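K.L.:
Below are the structure tokens for one structure; questions will follow.
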Amino acid sequence: MLLTKLHIPAAGYNIVHRSGLSENLNVGLSRKLILVSAPAGFGKTTMVSDWIAQTKIPAAWLSLDSGDNDPAVFLSYIISGIQSIHSGFGHGAQVLLNSPNAPSVESIITLLINEILNIPRNFILVLDDFHLINSSEVLKLVAYLLEHIPGNIHIVILTRSDPALSVSRLRSQHQLVELRSSDLSFSANDISILFNKKLKLGLSVDDVYSLESKTEGWIAGLQLTAISMKDREDISEFIQDLKGDNRYIMDYLMEEVLKVQTDEIKEFLLQTSSLGQMSAPLCNAVLNRNDSQSILETLEKNNMFVIPLDTERTWYRYHHLFADLLKQRLRSRNQEEVIELSNKACNWFEQHDMFDFAIEHALSIKNHNKSIQLIGKVVEEMWENGRHSVILKYGDILPDELIKTNNEFCLYYSWILISTGQIQKAEPFLESARLKTTEAIQESDPASVKIQYYKKLLGKISVAFAYLNSYEEHSEKTFDSCKTALENLSEDDPLWYSWAWFSYGIAYFSNGDLFRSFDAFQKAFEYGKKSGNVYLITTIISRMAEAEQQFGHYKSAYQKCSELLTLMRDKGYDKITKTDWRFTSVYLNMAYTHYMWAEFDKAYENVNVAYSLSKKGSDIMLDASVLLFYSFIQYERGELLDSEEKINAAEELIKQNEVSPYFKYAIVTWKLARFVKLKKYVQANDLVRNYDLAAGNDISHVNEAIYLIFVRLLIAEAKLSEAETVLTKLHTIIIQSGETGPMIDLKISYAIFYKTQRNHQKAIANLMEAMELAAEENLIGFFLFCIDEAGDLFKEIFKILTISETNISVSFIDNFKIALEKRNKRNKTNPDAGLSTRELDVLKLIAKDLTNQEIADKLFVSLQTVKTHVKNVLLKLEVDSRVQAVTKAKELGIL
């Protein structure tokens, strides 16, 4: 971190205190934002730093540059700046930022906002040179901060152009103070004070007004004019010769300024102009001299646009406008000289471990070979500290073939590409790194230290390949990668070791081997805890909970999720769990468990949280999973149209993206289940044909869920021979996997099958076996879902339980009965099948055999609105036509 960026610039010598502007700024202390927007050279920085010095208000200052377009970098500087006011600020957020799993912008800024509330005084945060920010993420971050800003902090933005923020809204809310070039321009009185009282140049009144007219109060022009006037006797004539626009005047004055400098100073100014920030040792090294410190101090005293960046006068920079003009002259004079100076600066920064500056100098002169060499030295640290945007930027700049010469950069660049969904782009870089690292191992002395480095690198590359293949469901490739990773990594590197075991868990899960999957996740969790990486731990726990649910261990799964949220709360990260998309799966797992426990309101609450979180991330499969279960919950609540919209959205997602077959089947399974539940057998069979479902097909872990629903369709259509074939195949594979949930579903299907065969005894026996499996974990949801097909069987079971002892606990039966009562009560309090008043009006007119257009005319609404109401009526009454709707409505007593 460059602490010089946090230094409040000194107002400088010969400052003109401007009380009017200070009063305007004081008003800003009761507003959210102070916006100082004006072109270069209007004294924005000087004016605000002088105001801070005069009012003694606590201030955190950040001088921005292009590198701050990385959200992690931007936030790190914000935290460090505010720590100068309140030392205890932001330590927890900083830990999360310095992580290879970069947190969401909103989650971190929410955490910081809550900490700002605890700072016991008012202060300002100054963001200088904000025009250099073009990252949509950083702009979104600042916008979010302004929207939710606590009353004890005020933002000051200094910029050459208005930022892409909701300035107009702040203005309308009276939460904005604006200062623009017309406010900042020097008046004739200001010019007189500067030139006569401060600089003792003795301008006449006419000279002052002439200067005001020609420069329009442009401060940079006035400063250059003052420097050019030094030792002149023809001041009035010199002023009269000024003409043209600001750019012309600036060029003219630059020539005049350089004319009055010695050749030595002139060369120093030109040759150091491309350094960005400079120190005496740097200037000495680049220019082969030893007196740079005295020159820099002299330039500052002579108001030569030199700005100190720290109180010790160690680091300086030129005013941006002045530096730009100097660089133009240097480039036009000799481009080769620019390259030589940048190479020297690059080497100096590298020698002093200031790699960001070294890399920027190398990139500025397109020395890509040097750039990749430097980046390779620090890319691992950048990845670990969450500076992923910077790594992506370097990857975009450098040629692909050059990137492939550096295995370290290939690894971390590929990891970030995979995490952002750019799998095809990542794979060639990873493959190149794997081949070259493998070759290096083969060519190295087995006893050398170097071979240990290459083996560790190959282990990490293999983890990245496992990560990549897990997205594409290549389980065999994932197994191979995990095996190579564990052979080459050691337990001393818990982060990577944890990822390797986690990838093993994913591969086993995809193959239906839940026992090995859970064991792998458990090992991943042990090493994940040692790594201290919160987001890795969260990911592992979510997967462990999912595996536990497959085994039927819902209580354990729920406990894991609850303990994670408690841990986050105890660490002060409570807000992050409701704002960071990585916690989506935690709330989704909890929602699913609440449904199984027949706690529908809690299930709905948690799936809502999961839904809002998922929209902030970019994990396609997670988004679709949430939409899938949201659709299911909405169906159970009677919100049929919303349910259909969610499942259609999930289906559209998987059509547009490459996802695993397992997941495609999950979407289709629920679509088929909805059609079967709604008795829409035509649509159900269309889906069956589209996905080539048949009793003679092979069934595996990947497609067992859809066949558990397919068999219900076969039973409903009395295709009992085919149904029995499917049931037998399902029984074989579910017994092998040891999954409790699917076994409960299978037993219920057997019960419905035997009921249809009129084999009452076997129907009751299978349903009771299912209840015995579900009782310990209180898994009521399985039975509520089949209540329409098996409701009469439950009544008989309840009678049996009053006279016979079984392994079904009393508490489970009591909970089940309560859930049934609530369901019946909900149906009774909703006698109109959930139809709205307008939908009832439409239904009544349908019963009178009116056309859609006639209904629209009757109700004074559009034809499209009527069509939407008709669709809702058909969905809620679970019918396919207007005639069926009227018949069903009469049966229910609605008409």
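K.L.:
Rolling a 1.4 angstrom probe over the protein heavy atoms, how many square angstrom per residue are accessible across region 710-845?
P.N.:
Heavy-atom SASA per residue in region 710-845 reads 48 Å².
K.L.:
How high is the relative contact order of region 742-843, given as a whole-number percent (alpha carbon pairs under 8 Å, six or more residues apart)?
P.N.:
25 percent
K.L.:
Work through the residues other than Gly81 whose Cβ is under 12 Å from its Cβ and net out their charges, Lys, Arg +1 and Asp, Glu -1.
P.N.:
Here the count lands on -1.
K.L.:
On the protein heavy atoms, probe 1.4 angstrom, tell me the percent of accessible surface of the chain carried by carbon and sulfur.
P.N.:
49 percent
K.L.:
So, one more: Just to confirm a number: summing +1 for Lys and Arg and -1 for Asp and Glu over residues other than Ile109 whose beta-carbon lies under 12 angstrom from that of Ile109, what do you get?
P.N.:
-3
K.L.:
Express the C-alpha Rg of region 3-184 as a ratio against the empirical globular expectation 2.2 N^0.38 Å, rounded to two decimals.
P.N.:
Scaled against compact globular proteins, the figure is 0.98.
K.L.:
Between 0 and 90 degrees, rounded to the nearest ten: what's the tilt of helix 534-551 against the longest Cα principal axis of the chain?
P.N.:
For 534-551 against the chain, the angle is about 10 degrees.
K.L.:
Run through the DSSP bridge list for the chain and note the antiparallel percent, rounded to the nearest 5.
P.N.:
Percentage antiparallel, nearest 5: 25.
K.L.:
Net charge near Ile537, counting Lys/Arg +1 and Asp/Glu -1 over other residues with Cβ under 12 Å of its Cβ? The partial results should precede the final answer.
P.N.:
Details: positive: Lys529, Lys530, Arg543, Lys560, Lys571, Arg582; negative: Glu526, Glu563.
Local charge sum for Ile537: +4.
K.L.:
Full extension from Leu139 to Glu216: what is 0.36 nm times the residue separation minus their Cα-Cα distance, to one decimal in nm?
P.N.:
My answer for the length gained is 24.5 nm.
K.L.:
Taking only pairs that are 8 or more places apart or on different chains, how many Lys pairs in region 235-393 have Cα atoms under 21 angstrom apart?
P.N.:
Count of close lysine pairs: 15.
K.L.:
If you line up the long axis of helix 368-384 against the longest principal axis of the chain, both from Cα atoms, how many degrees apart are they, to the nearest 10?
P.N.:
Tilt relative to the chain: about 50 degrees.
K.L.:
Still on this structure, please answer the following. List residues of region 560-598, by number, whose backbone nitrogen lies under 13 Å from a label position 7 Å along Cα→C-beta of Glu605.
P.N.:
Counting backbone N atoms under 13 Å from the label point, the list is 591, 594-595.
K.L.:
Ok, one more. Charges only on Cβ, +1 for Lys and Arg, -1 for Asp and Glu: so what's the dipole of the chain about the Cα centre, in debye to the nearest 20?
P.N.:
Details: 96 positive and 115 negative charges, 456 e Å.
Once rounded to the nearest 20, the dipole reads 2200 debye.
K.L.:
From the P(r) of region 261-333, can you give the percent of Cα pairs sitting at distances over 21 Å?
P.N.:
That fraction is 15 percent.
K.L.:
Name the residue from Ser274, Asn196, Ala666 whose Cα lies farthest towards the positive end of the charge dipole of the chain, charges +1 on Cβ of Lys and Arg and -1 on Cβ of Asp and Glu.
P.N.:
With unit charges placed on the Cβ atoms, the residue in question is Ala666.
K.L.:
Of all chymotrypsin sites (Phe, Trp or Tyr not before Pro) in region 711-805, which ones are in loop regions per DSSP and have a Cβ with at most 11 other Cβ atoms within 10 Å?
P.N.:
Counting only loop positions with at most 11 other Cβ atoms within 10 Å, none of the chymotrypsin sites (Phe, Trp or Tyr not before Pro) in region 711-805 qualifies.
K.L.:
Determine the relative contact order of the chain: mean sequence separation of Cα pairs under 8 Å and six or more apart, normalised by residue count, in whole percent.
P.N.:
Reported relative contact order: 8 percent.
K.L.:
Continuing with the same structure: How large is the accessible surface per residue of region 471-627, computed with a 1.4 Å probe and reported in Å² as a whole number? Working shown, then result.
P.N.:
Working: 6160 Å² over 157 residues.
Accessible area per residue: 39 Å².
K.L.:
Which angle from 0 to 90°, rounded to the nearest 10, does the C-alpha axis of helix 449-472 make with the longest principal axis of the chain?
P.N.:
50 degrees
K.L.:
May I ask you to give the solvent-accessible area per residue for region 3-184, in square angstrom, as obtained with a 1.4 angstrom probe?
P.N.:
That works out to 37 Å² for each residue.
K.L.:
Indicate the gyration tensor shape class of region 166-278 (rounded, prolate or oblate), computed on the Cα atoms with a ≥ b ≥ c the square roots of the eigenvalues: a/c under 1.5 is rounded; otherwise a/b larger than b/c is prolate and the rest oblate.
P.N.:
Details: a/c = 2.42, a/b = 1.35, b/c = 1.79.
Oblate, because a/c is 1.5 or more while a/b does not exceed b/c.
K.L.:
Let me ask something else. If I stretch the segment between Asn759 and Glu563 completely, what's the gain in nm (0.36 nm per residue apart, minus their alpha carbon distance), one decimal?
P.N.:
The Asn759-Glu563 span can extend by a further 65.9 nm.
K.L.:
First obtain the Kirkwood hydrodynamic radius of region 698-774 from its Cα pairs, then insert it into the Stokes-Einstein equation at 20 °C and 1.002 mPa s, and state the resulting D in µm² per second as a whole number.
P.N.:
Translational D for this selection: 175 µm²/s.
K.L.:
Looking at the square roots a ≥ b ≥ c of the eigenvalues of the Cα gyration tensor of region 760-829, which shape do they give, rounded for a/c under 1.5, prolate if a/b is larger than b/c, or oblate? Please report the intermediate quantities before stating the final value.
P.N.:
Numbers: a/c = 1.64, a/b = 1.38, b/c = 1.19.
It comes out prolate by the Cα gyration axes.
K.L.:
If the cut-off is a Cα-Cα distance under 17 Å, which aspartates and glutamates reach Lys616, setting aside same-chain residues fewer than 8 apart in sequence?
P.N.:
Output for Lys616: Glu106, Glu137, Asp580.
K.L.:
Another question, then. For labels at Glu237 and Ala53 in the simple 7 Å Cα→Cβ model, what's the distance in nm?
P.N.:
Reported label-point gap for Glu237 and Ala53 is 3.7 nm.
K.L.:
Also, I was wondering about something else. Separation between the Phe860 and Glu878 pseudo-spin-labels, each 7 Å from Cα along Cα→Cβ, expressed in nm?
P.N.:
It is 3.7 nm.
K.L.:
At a threshold of 8 angstrom on Cα-Cα distance, excluding pairs fewer than six apart, so keeping six or more, what relative contact order does region 261-333 reach in percent?
P.N.:
The value is 33 percent.
K.L.:
For Trp499, what accessible area in Å² do you get when you roll a 1.4 Å probe over the heavy atoms of the protein chains, rounding to the nearest 10?
P.N.:
Looks like 20 Å² after rounding.
K.L.:
While we're on this one: Using a ≥ b ≥ c from the Cα gyration tensor of region 695-852 (square roots of the eigenvalues), is it rounded, prolate or oblate, where a/c under 1.5 gives rounded and otherwise the larger of a/b and b/c decides, a/b for prolate?
P.N.:
oblate
K.L.:
Of Ala323, Gly376, Ile461, which is farthest along the charge dipole of the chain in the positive direction, counting Lys and Arg as +1 and Asp and Glu as -1 at C-beta?
P.N.:
Ile461
K.L.:
In Å and on Cα atoms, what radius of gyration and Dmax does the chain show?
P.N.:
Answer for the chain, Rg first and Dmax second: 35.5, 119 Å.
The values are calculated or read from the model by the stated rules, or taken from the named source; none is laboratory data. None of the values given here were measured: they were computed from a predicted structure. Reconstructed Cβ throughout: ideal geometry from the backbone, glycine too, with neighbour counts over all protein chains shown. Note: areas computed on protein heavy atoms with side chains; ligands, DNA, RNA excluded. Shrake-Rupley method; radii C 1.70, N 1.55, O 1.52, S 1.80 Å.
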